[in-house]
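Working notes for the structure below.
The values are calculated or read from the model by the stated rules, or taken from the named source; none is laboratory data. Just so you know, these numbers come straight off a predicted model, no measurement behind them. FYI the Cβ positions are ideal-geometry reconstructions off the backbone, even for glycines, and counts take in every protein chain you see.
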């Protein structure tokens, strides 16, 4: 009864989920851009809703 490294559908985690170019700065910038894009989309959805909560 311990936690397994798997997604919500039970597919086990593997190394194919890691994307690395070998250039640490390029990888960092790509990760930062992906995070910023996700935050932007969240903010846009939040501003489109009428729900005060």
When region 12-53 is checked residue by residue, the ones that are within 17 Å of the chain's Cα centre (by Cα) and part of a loop (DSSP other than H, G, I, E, B) are 13, 14, 18, 19, 20
Cβ pairs under 6 Å, 6+ apart or interchain, first in region 1-15 and surrounded by 10 or more Cβ atoms within 10 Å (Cβ to Cβ), second at pLDDT 85 or above, ordered by first then second residue, are 6/12; 13/5
